[in-house]
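Readers should treat all values here as calculations from the given coordinates under stated rules, not as data from a laboratory. Only a predicted model underlies this, so the values are computations on that prediction, with no experimental measurement involved. Cβ placement follows ideal geometry from the backbone for every residue including glycine, while neighbour counts extend to all protein chains displayed.
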Amino acid sequence: MTDARLREKMCELGRALYDRGYAVGGGGNLSLKLAGGGFLVTPTGSCLGRLDPETLSTIDAAGTPVAGAKPSKEFVFHRAVYDARPDAGAIVHLHSTYLTALSCLETLDTANAIRPFTPYFVMRIGPLPVIPYYRPGSPKIAEALAALAPTVKTNAFLLANHGPVVLGSDIEDAVSNAEELEETAKLLFLLRGEKLRYLTDAEIQDLRS
C-alpha cells in the first residue's frame, strides 16, 4: 500500500471509530509502521473523526518527527510497544466508553481484566493485562508497557483509569481488534448481575490452537 493510501486509510478508520462513538474530542491516537522503518502517527490533540491525510505526523526510524503536524505525545508508549513487539504493525489507543469504564474498576484481575466468555475475544485479543495508572503522557506508561509486552501473548493492554492500547498486524487489523475488544467490554457490562457461562480452559486452548 502506498504512503498516500496509508494516510487515507488511517483517516478513514479514525472517522469510523469516531462515528461509532469509540473516540470523542481529541481523545485517542493511531499509529502504524511504514515500509521504510518509520511511523505514521495522528497529531497531538487531533480528533479521530476529523483527520487530514496531509497533516498526519511522519516519524523516522530513529523516532524523530520529519513531516506533518506535531505527533501525539502518547507516541512514546506506541514506540515502546513496537520495540517490544516487532510483530505489531499498527497500534490503536482509545478512550472508548466501555473499556474506559472497565479500566476504572477497582477489582480488576491485573493479569486479565476480562475472563473469556466469547470466542472472538480469545481469538482476536487473548488475555487483557492491566497497566497501573500513570498520568497521560507519563514516560512510566511506556516503561510499563515495554516491560510487560514481551512477556504476554496478547493484542491489547488496558491502561488503568485511561483506556485500551490495541495492537494489530496492520492498521485495519488493529482497528478490528479494538472494535472486538470494546464490544466484549460492552457485553460484560450488559451481563453484570447475570450468571455468565465462561469458556472452559479446554475451550480456550482449542481456540488458541
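Here are some notes:
- Packing around the peptides 161-172, 39-50, taken as the average count of other Cβ atoms within 10 Å per residue, puts them in this order, highest first: 161-172, 39-50.
- Between the listed residues Ala16, Leu188, Thr100, the Cα displaced farthest toward the positive end of the dipole of the chain, a dipole computed from Cβ unit charges relative to the Cα centre, is found at Thr100.
- Seen from Gly49, the other residues with C-beta closer than 9 Å to its C-beta sum to a net charge of +1, counting Lys and Arg as +1 and Asp and Glu as -1.
- Here the calculated FRET efficiency for Thr55 and Cys104, from their Cβ-Cβ distance with R0 = 30 Å, stands at 0.40, rounded to the nearest 0.05.
- For segment 67-122, chymotrypsin sites (Phe, Trp or Tyr not before Pro) are listed when DSSP marks them as loop and at most 16 other Cβ atoms sit within 10 Å of their Cβ; the list is Phe117.
- The residues neighbouring Glu182, those whose beta-carbon lies less than 12 Å from its own, together hold a net charge of 0 under the Lys/Arg +1, Asp/Glu -1 convention.
- Helix 75-84 and the longest principal axis of the C-alpha atoms of the chain enclose an angle of approximately 70°.
- Taking every Cα-Cα distance in segment 19-61 and sorting them into 5 Å bins starting at zero, the pair-distance distribution P(r) comes out as 6, 23, 29, 20, 13, 7, 2 percent.
- Distance distribution note for the chain: the fraction of Cα pairs above 30 angstrom is 18%.
- In this simple spin-label model, placing a label point 7 Å from the Cα along the Cα-to-Cβ direction at both Leu207 and Glu12 gives a separation of 2.9 nm.
- Most mobile of Pro129, Pro150, Pro116 in a GNM of the chain (Cα contacts under 10 Å): Pro150
- Lysines with Cα under 21 Å of Lys33, excluding same-chain neighbours fewer than 8 positions away: Lys9, Lys70, Lys73, Lys153
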